[in-house]
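Each reported figure results from applying straightforward, stated rules to the coordinates on display, with no laboratory input. These numbers come from a predicted model, not from an experiment. Counting neighbours? That spans all protein chains shown, and the Cβs are built from the backbone with ideal geometry, glycine included.
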Amino acid sequence: MEVDIIELSDDKARFVLKGVNPAIANGLRKSMLSEVPTMAIDYINIYDNTSVLFDEQLGLRMGLIPLITDLDSYVLPDECDCQGEGCTKCQLTLNLSAEGPIMVYSGDIQSSDPKVGVAEDRIPIVELKERQKLVLEAVAKLGTGRKHVKYQAGVACGYKNMPVFTFSENCDACGKCVEECPREILRIENNEVIVKDPLQCILCKLCVDACDINAITVDEDNSAFIFTAESDGSYPARELIIQSADTIIDKARSLNEILKSIG
Ligand SMILES: [Zn+2]
């Protein structure tokens, strides 16, 4: 297996994964979306709410605010010693108190744990007018995207096959394929067609259709994939990818142990 990083920032990663089959590539994608444990607000206790939003609407908004996740300090409620009752190892509290006139943002939420706060300060929650108040306590827990979308740290995770261009000897460098390509990745140099940047190819194959003499073919490499992974802020993108791979390893290990116990 080989990994070539194309782009890496806190919230986005692009990389080429080579030497794996489509099942592994898809497993990694699915793991990013639905298996990596992520912290999110699970319920709220409302002490005062005279805003225009119903309590249920507030709960929905609060649940979807990404929280920075710390897997060293917290465990999934199902795996906790308290068996999901709720304790300091599997949950934390956050508080929100505001009085109008003010626009209440996610950054106004105060966490009881400095390591687990909101990932983004400027998410609007509600606008409070004069004399309107909002006082609540929220409880956050770890969960996975499989259970609810609020626990989904990977928000735009996908891949495409690496394109493989082949030009036959018949190619007369007429330039029709170059004109047709919507991503402008082909050009003519020294009377032959050159692929400038294959990573930008979207496999539309308009270049193949444009060629009157069938001199160009575009195939999909089934062992190389161009990945894009974006994080909602719960994890840095790099950490999200590592966690998704670790989750697959853990599941494979559990399966192995089950099979051994049967044998
Ligand atoms: Zn617990």
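Key figures for this structure:
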{"item": "Complete set of residues in region 193-207 that are touching a strand residue (DSSP E or B) at 6+ places or on another chain (Cβ under 7 Å) and either touching a residue at least 24 places away in the same chain (Cβ under 8 Å) or in a strand (DSSP E or B) (or both)", "result": "Val193, Ile194, Val195, Pro198, Leu199, Cys201, Leu203, Cys207"}
{"item": "Candidates Ile202, Ile185, Ile216, Ile194, filtered to the one that is exposed (fewer than 13 other Cβ atoms within 10 Å of the Cβ) and hydrophobic (A, V, I, L, M, F, W, C)", "result": "Ile202"}
{"item": "Criterion violated by Glu130 - all others in (1) within 16 Å of the ligand (Cβ to nearest atom); (2) loosely packed, with under 13 Cβ neighbours inside 10 Å satisfied", "result": "(1)"}
{"item": "Residue in region 164-183 that is among the acidic types (Asp, Glu), under 25 Å from Ile226 (Cα atoms) and out of contact with any Phe, Trp or Tyr (no Cβ under 9 Å at 6 or more places or on another chain) present", "result": "yes"}
{"item": "Hits in region 39-93 - residues which are polar (S, T, N, Q) and in contact with a strand residue (DSSP E or B) (Cβ under 7 Å, 6 or more places away or on another chain)", "result": "Asn45, Asn49, Thr50, Ser51, Thr69, Gln91, Thr93"}
{"item": "Residues that are in contact with a helix residue (DSSP H, G or I) (Cβ under 6 Å, 6 or more places away or on another chain) and in a strand (DSSP E or B), drawn from region 131-145", "result": "Ala138, Lys141, Gly143"}
{"item": "Residues satisfying the stated conditions in region 75-115, i.e. in a strand (DSSP E or B) and within 16 Å of the ligand (Cβ to nearest atom)", "result": "Gln91, Leu92, Thr93"}
